[in-house]
Amino acid sequence: MAAQRSGEENGRLEDAARAGWLYYIAGNTQDQIATKLGVSRQSAQRLVSLAISERLIKFELDHPIARCLSLATELERRYGLRLAEVVPTDPEHPESLIGVGHATAAHLERHLRSAAPLTLGIGTGRTLKAAVEQMSPFDCSQHKIVSMTGNIAPDGAAAYFAVIYNIADKTKARCYPFPVPVIASSAEERETLSRQPLILSNLRLIEQAETVFVGIAGVGPDAPLLKDGFLSQVELDALRDAGAVGEITGWAFDRSGNPIEGLSNARVMSAPLSDLTSRLCIAVAVGVSKVEPLRAALTKPLINGLITDEATAEALLGRTD
């Protein structure tokens, strides 16, 4: 009897294999499978399901996004990330922000479309600005969005890449800018500003943020801190001499992800880096200049989420030079 049952089971698995091949390989409909196998449509559907449950069918996704999904999974495993998303790299424009900007916009919208009120922290930078520009306008006035860093340029104007104003226009959420320079003129000025009630209030709001989005930058010749006028060449050189490889919201850190002692870090007005991974901290970055600072931030860790592109992900995983 047992042998008879085994034979019946084997026969059913053979039928399931045929049904699976007809459906997934030959592209037949379930009605066509039913006709070819001489069974009812319901039986054909069950056979196709059996082919999956018994692992008779193995899928191979033939699409560039499959590579990105694999890279994201490996980044999560390698660095213990809570979230990783990788988008395809445009081979003709490897530094393009469009793909990463679009993915970041989708994540921002997903958070902000939550009905339950939340507090979201937002950093600054070109990639984040590109992301906010791609967001669809909608009303989420139940939420609070707080800037992670100062929003005033060295000449007193609003910092161009301070995205808090852009996101306020898009979402109608309650937005809280940091009405101070990214980097104060002296440690004494920073101390004075840090005691102001409005700044203390913003820092408390940042502590309440469930999720924060930040940019990451290098400290090379094209460093945003230099190009945007927040640091002089002499000050940037001093940071590099002290071992700095990157910065988040103005805070410079070394190859191990440790903040640089003194120098411009003694004047940064942003929320402390040590608070970032107490919540979901998603870094948004793309490009070869971001690989070294990203690797340092991932190693510490200073971040526990990442949205990047395929080429940057491969470099972080040691698959390219």
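The values are calculated or read from the model by the stated rules, or taken from the named source; none is laboratory data. Everything numeric in this text was worked out from a predicted model, so none of it was measured. Positions of Cβ are generated from backbone atoms using ideal geometry, with glycine treated the same way; all protein chains shown enter the neighbour counts.
Per-residue answers, yes or no, for (1) without any contact (Cβ under 8 Å) to a residue 60 or more places away in the chain; (2) part of a helix (DSSP H, G or I); (3) out of contact with any helix residue (DSSP H, G or I) (no Cβ under 6 Å at 6 or more places or on another chain); (4) more than 28 Å from VAL146 (Cβ to Cβ):
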{"position": "ASP222", "(1), (2), (3), (4)": "no, no, yes, yes"}
{"position": "VAL234", "(1), (2), (3), (4)": "yes, yes, yes, yes"}
{"position": "ARG240", "(1), (2), (3), (4)": "yes, yes, yes, yes"}
{"position": "ALA252", "(1), (2), (3), (4)": "yes, no, no, no"}
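Would you mind stating whether ILE183 is under 23 Å from LEU236 (Cα atoms), aliphatic (A, V, I, L, M) and more than 21 Å from the chain's Cα centre (by Cα)?
Details: under 23 Å from LEU236 (Cα atoms): yes; aliphatic (A, V, I, L, M): yes; more than 21 Å from the chain's Cα centre (by Cα): yes.
Taking the combined requirement at face value, the residue satisfies it.
With (1) modelled with pLDDT of 95 or more; (2) in contact with an Asp or Glu (Cβ under 8 Å, 6 or more places away or on another chain); (3) under 21 Å from ILE183 (Cα atoms); (4) small (Gly, Ala, Ser) as the list, and ALA296 as the residue in question, which single condition is left unmet?
If we test ALA296 against (1) modelled with pLDDT of 95 or more; (2) in contact with an Asp or Glu (Cβ under 8 Å, 6 or more places away or on another chain); (3) under 21 Å from ILE183 (Cα atoms); (4) small (Gly, Ala, Ser), just (3) comes out false.
Out of ARG77, ARG46, ARG67, ARG18, which single residue is surrounded by 14 or more Cβ atoms within 10 Å (Cβ to Cβ), part of a helix (DSSP H, G or I) and out of contact with any helix residue (DSSP H, G or I) (no Cβ under 8 Å at 6 or more places or on another chain)?
Working: ARG77 fails: surrounded by 14 or more Cβ atoms within 10 Å (Cβ to Cβ); ARG67 fails: out of contact with any helix residue (DSSP H, G or I) (no Cβ under 8 Å at 6 or more places or on another chain); ARG18 fails: out of contact with any helix residue (DSSP H, G or I) (no Cβ under 8 Å at 6 or more places or on another chain).
So the residue among ARG77, ARG46, ARG67, ARG18 that is surrounded by 14 or more Cβ atoms within 10 Å (Cβ to Cβ), part of a helix (DSSP H, G or I) and out of contact with any helix residue (DSSP H, G or I) (no Cβ under 8 Å at 6 or more places or on another chain) is ARG46.
Applying the selection to the stretch 269-305, what residues are in a loop (DSSP other than H, G, I, E, B) and out of contact with any strand residue (DSSP E or B) (no Cβ under 7 Å at 6 or more places or on another chain)?
Here is the first cut: in the stretch 269-305, the ones in a loop (DSSP other than H, G, I, E, B) are 269-272, 279, 285-287, 300-304.
Listed by number, the residues that qualify are PRO272, GLY287, LYS300, PRO301.
Can you name every residue in the stretch 106-127 that is under 13 Å from the mean Cα position of the chain (by Cα), crowded, with 19+ Cβ neighbours inside 10 Å and over 13 Å from LEU280 (Cα atoms)?
Residues satisfying the conditions are GLY123, THR127.
Checking the structure you have, find out if any residue of the stretch 222-231 is touching a strand residue (DSSP E or B) at 6+ places or on another chain (Cβ under 7 Å) and charged (D, E, K, R).
Scanning the stretch 222-231 turns up no residue that is touching a strand residue (DSSP E or B) at 6+ places or on another chain (Cβ under 7 Å) and charged (D, E, K, R).
Which condition does THR308 not pass, out of (1) touching a residue at least 60 places away in the same chain (Cβ under 8 Å); (2) outside any strand (DSSP E or B), if it passes all the others?
(2)
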